[in-house]
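Colleague: Right, I'll just put the structure down here and ask away after.
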Amino acid sequence: MVGLRRVWLCAAILGAAVAAAGCGGQAGLNATAKASAALEVSTAKLPGGTVAKSYSAALAASGGRAPYQWSVASGQLPAGVGLSSSGALTGSPQQAGTYAFQAAVKDAAGAKAQRTLSVSVAQTQASQTPPPTLDTYGGVVGLAAPGGATGYFRVAKVGSRWVFVDPLGNEFWMLGVYDVDASNAPDGLPGTSYYDRVLAKYGGIAEWGVQAARRLKAWGFNTAGEYSSAYVGAVDQFATRNTTAPIPSIGMIRPNYYSLIDSGNYAPGPVKDLMNGLDGNYHNYAGDPVADIYDPNYTAYVDGSVAAMSPPAVANSPWIIGNTVEDADDLWGFGPGPDQPTSPAGHATSNLGWIALCTNFQQTANTKYGEVYTDTKVYTKYALQAFLEQKYNNSIAALDAAWGADYTTFGDAGGFATGTGLLDEDGRDSWVGDDDVSLSTATPAVQADLNAFMAQYVQRFFQIVTAALRKYQPNHLIFGPATLNGWGGISRQAVLAAAGQSVDVIQANAANQQIYDQTLQWAGDKPLVAWVGFTANPDSDLFAYSHSGDVATQAARAAEYASTLDQLYAYAGSAGDGSLAGSQNFAGMKFWAWSDSWGEKANWGLVSLLDNAYDGKEDTVAAGVDPWGFVTGGEAKNFGDVITGVKQENEKILAELAQP
């Protein structure tokens, strides 16, 4: 990463008037202003900069009462450039692009003024090491990993750094994009949907797939992540079609959702959702499921569905990197726990031991999924019952003494939520309480037992799904749920430990060094892949809508992308990580997403809903053509450029990987 050289301004930079006031410059000039004049930002234009070159400029104000204090009210400065309170812009820009921001000044009397300014940063050929030569899969030519070629993707630790190794044996740092797909959901733009527009543009969905793969590779990406179209990869999960210009891809199984409706009829019947059996003592989010994984139907569903998606053309494809075991959105309780705060607050998920204890021990129907059950037993609650019977030697009196409880039996005695048996528990009893996240209202023995059962539950989940994938696709890697450590927090120790024992690659974020270190300590020495995503609705086809976390421009998105990837690539274990001190476990990331989301009204995409790349050329009002001759333009406004910065960062990461 280019080092930042701070160059601080003196009066000569500000001009003769300020020079006369001495090297405190701005304050000296401000002192001559008439206090009676209205405060305003007098700087109208800023000089341009160049990547990795020292940049300096000064903001000036007039009117008001000295001294002045400067800040950035909104927008984005170039990464590597800062604004001092005296109005000095200094540093070394890290990324090309145009960066718009609202400069704000405040005088001694509290008056305020703002003005929109921008800094254009040019790229220079010498500012970045040329990207390395890549093989057909995206691995770095000449960077052969120990162990050589196997014909399939694998992972290896080379020195202190985990990497993927492609089928030719070359090192590969994953630069992926999720959801490379053509949505047919109606939206508010010309044409019924994105799907309809790309059909018209390319003449067919197969040609769209070829072009999507070409565009991804041209922008420095090397992987089509989960939820991507079969037309982008080499083969779909049923080996029914493929593209002539593939990009390596990752598949996904989703048994914790699809088993609830027995999609595909892979099991004797549907699996129940434990969330459906909770009552008013549960106060947390209820939108994600908790599958009854102790139900024999769950194991049957996983085995049958994985077998169906693993014909020889899939199981033996070198283009498939591996499969993800589930979307974390379908794994309530696997997301952030109480150990670190989430951002924003309030996104910690439930303790699965509490869910198992407080759900109903039987279900007759689930109206959400339209299911009626002939087998009403909730197997997970009975598994908890058996777990506690074994621990307390079948003595309910021993459990009551430990928990401070007054159950009359391990079974049912009067019915769920009203009876006195363990199976009747719904969270109403004082020794349990309704804190489903940290169990703060539960007695110490309850906490210990529910945490122990939670660990058993997550271990069972990983054992079932990994057994099926290793049985039917032994040549492909197994990825953990996408993605753990969400919302700036960290998943529970039991979840990360079970993932570390079971999968080949853990998909987890690390919002800071502390979370990175904790992840290594809990999960062990495993390669990590992160989720990355940013929105800039004001500079996109969704400019009419705001989205939480928006930055102002596409260039600012590129800067955020570069900063995040630099952080991921640079993470190394701290001294407190013991044998993993210095360990660099991030082996890649995946960007959300290919295209903007009309449903969320969010500019997640690399391309607009009109299929224009956000490169400052295609995403314009005026019509044009892309490098392959396809029509572009037609946007309501001219939008900015995220693609250039993203491509440069992708190439920089691979260039750093190739360094000796």
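The values are calculated or read from the model by the stated rules, or taken from the named source; none is laboratory data. As the structure is a computational prediction, the values presented were derived from the model and not from experiment. As a convention, Cβ positions derive from the backbone with ideal geometry for all residues, glycine included, and neighbour counts pool all protein chains shown. Heads up: the accessible areas ignore ligands, DNA and RNA and are worked out on the full protein's heavy atoms, side chains in. Shrake-Rupley method; radii C 1.70, N 1.55, O 1.52, S 1.80 Å.
Colleague: For ALA552, which sequence-distant residues (separation of 5 or more, or a different chain) have an amide H within less than 5 Å of its own amide H, given hydrogens modelled in the peptide plane?
Modeller: Under 5 Å from the amide H of ALA552 lie the amide H atoms of GLY75, each far enough along the sequence or on another chain.
Colleague: With a probe of 1.4 Å, find how much accessible area the chain has per residue, and write the answer as a whole number in Å². Can you show the working numbers first?
Modeller: Numbers: 24960 Å² over 660 residues.
Computed with neighbouring chains in place, this is 38 Å² per residue.
Colleague: Carbon and sulfur atoms: what percent of the 1.4 Å accessible area of the chain do they account for?
Modeller: Looking at the chain in its full context, I get 52 percent from C and S.
Colleague: For labels at ASN512 and ALA315 in the simple 7 Å Cα→Cβ model, what's the distance in nm?
Modeller: Taking the two extended label points, one gets 4.8 nm.
Colleague: Also, I was wondering about something else. Quick check: the distance between the Cα centres of region 603-636 and region 156-197, to the nearest angstrom?
Modeller: Each part's Cα centre sits 19 Å from the other's.
Colleague: Give the span of region 424-496's Cα atoms along each principal axis, as three whole-Å numbers ordered largest to smallest.
Modeller: That works out to 51, 31, 18 Å along the principal axes.
Colleague: Jot down the per residue volume, in cubic angstrom and as a whole number, of the convex hull over the alpha-carbon atoms of region 226-371. Let's see the in-between values first.
Modeller: On the way: hull volume 20.9 nm³, N = 146.
Convex hull of Cα atoms, per residue: 143 Å³.
Colleague: For the pair THR136 and VAL72, how long in nm is the line joining their label points, each one 7 Å along Cα→Cβ?
Modeller: 4.5 nm
Colleague: Which whole-number percent is the relative contact order of the chain (Cα, under 8 Å, 6+ apart)?
Modeller: That works out to 12 percent.
Colleague: Give me the mean projected area, in nm² to one decimal, of the convex hull enclosing the Cα positions of region 181-260.
Modeller: Working: hull surface 26.2 nm².
The number I arrive at for region 181-260 is 6.6 nm².
Colleague: Still on this structure: Please give the charge dipole size of the chain, origin at the Cα centre, charges +1 on K and R Cβ atoms and -1 on D and E Cβ atoms. Round to the nearest 20 debye. Write out the running numbers ahead of the final one.
Modeller: Numbers: 37 positive and 59 negative charges, 526 e Å.
The calculated dipole for the chain is roughly 2520 debye.
Colleague: In whole Å, what is the distance between the alpha-carbon centres of region 332-364 and region 298-329?
Modeller: 27 Å
Colleague: Greater than 22 Å separation of Cα atoms is the criterion. Which listed pairs, LYS53/LYS590; LYS201/LYS617; LYS601/LYS637; LYS272/LYS590, meet it?
Modeller: Those over the limit are LYS53/LYS590; LYS272/LYS590.
Colleague: Any idea how far apart GLU656 and ASN638 come out in nm if each label point goes 7 Å out from Cα toward Cβ?
Modeller: Here the answer is 3.4 nm between the modelled labels.
Colleague: Further question: Rounded to whole Å, give me the distance from the Cα center of region 90-154 to that of region 409-456.
Modeller: 51 Å
Colleague: Further question: With the Cα gyration tensor of region 117-166 in hand, give its eigenvalues times 5 under a square root as the equivalent ellipsoid semi-axes, listed largest first in whole angstrom.
Modeller: Working: eigenvalues 217, 34, 23 Å².
Values for region 117-166, descending: 33, 13, 11 Å.
Colleague: Using a Förster distance of 30 angstrom, determine the FRET efficiency expected from the C-beta separation of THR409 and TYR285, and round it to 0.05.
Modeller: Details: r = 32 Å, r/R0 = 1.08.
The calculated FRET efficiency here is 0.40.
Colleague: Rg and Dmax of the chain, Cα atoms, in Å?
Modeller: Calculated on Cα positions, Rg and Dmax stand at 28.3, 91 Å.
Colleague: What number, rounded to the nearest 500 deg cm²/dmol, is the helix-based mean residue ellipticity at 222 nm of the chain, given -39500 (n - 2.57) per DSSP H run of at least four residues and division by all its residues?
Modeller: -7500 deg cm²/dmol
Colleague: So how exposed is ASP179, as accessible area in Å² (1.4 Å probe, rounded to 10)?
Modeller: 50 Å²
Colleague: When you take every Cα atom in region 535-660, what is the radius of gyration, and what is Dmax, the widest Cα pair distance, in Å?
Modeller: Expressed in Å, the Cα Rg and Dmax of region 535-660 come to 17.4, 58.
Colleague: At q = 0.18, 0.20, 0.31 Å⁻¹, what is the log10 ratio I(q)/I(0) for region 46-97, with the Debye formula run over Cα points and no solvent?
Modeller: -0.60, -0.71, -1.29
Colleague: For region 303-404, what log10 I(q)/I(0) values come out of the Debye formula at q = 0.12, 0.14, 0.21 1/Å, with one point per alpha carbon and no solvent?
Modeller: -0.76, -0.93, -1.14
Colleague: Mind listing P(r) for region 343-390? All alpha-carbon pairs, 5 Å bins, whole percents.
Modeller: Going from the shortest bin to the longest, the percentages are 5, 17, 18, 19, 16, 11, 9, 4, 1.
Colleague: Here's a follow-up. Under the Kirkwood approximation applied to all pairs of distinct alpha-carbon atoms, what is the hydrodynamic radius of region 54-141 in Å? Don't skip to the answer; put the middle values down first.
Modeller: Numbers: mean 1/r = 0.0656 Å⁻¹.
Here the Kirkwood hydrodynamic radius works out to 15.3 Å.
Colleague: With no solvent and one point per C-alpha, what does the Debye sum give as log10 I(q)/I(0) for region 361-458 at q = 0.13, 0.19 Å⁻¹?
Modeller: So the normalised log intensities are -0.48, -0.99.
Colleague: Consider all pairwise Cα distances in region 84-195 and report the whole-number % of them above 23 Å.
Modeller: Details: 4037 of 6216 pairs.
Of all Cα-Cα distances in region 84-195, 65 percent exceed 23 Å.
Colleague: Which of the aspartates and glutamates could a cross-linker span from LYS391 if the Cα-Cα distance has to be under 14 Å and same-chain partners fewer than 8 positions apart are dropped?
Modeller: Leaving aside aspartates and glutamates fewer than 8 places away in the same chain, those within reach of LYS391 are ASP400, ASP449.
Colleague: What are the lysines whose alpha-carbon lies under 21 Å from the alpha-carbon of LYS471, with same-chain residues fewer than 8 places away excluded?
Modeller: Qualifying lysines at Cα under 21 Å: none.
Colleague: Taking a 1.4 Å probe, which of LYS368, LYS112 shows the most accessible area, and what order do the others take after it?
Modeller: LYS112, LYS368
Colleague: Ok, one more. Have a look at VAL163, ALA499, TYR99 and report the one farthest towards the positive end of the charge dipole of the chain, computed about the Cα centre with Cβ charges (Lys/Arg +1, Asp/Glu -1).
Modeller: Toward the positive end, the furthest listed residue is TYR99.
Colleague: I've got another one for you. Could you give the C-alpha radius of gyration of region 445-567 expressed as a fraction of 2.2 N^0.38 Å, taking N as the number of residues it contains?
Modeller: Compared with the compact-globule rule of thumb, region 445-567 sits at 1.33.
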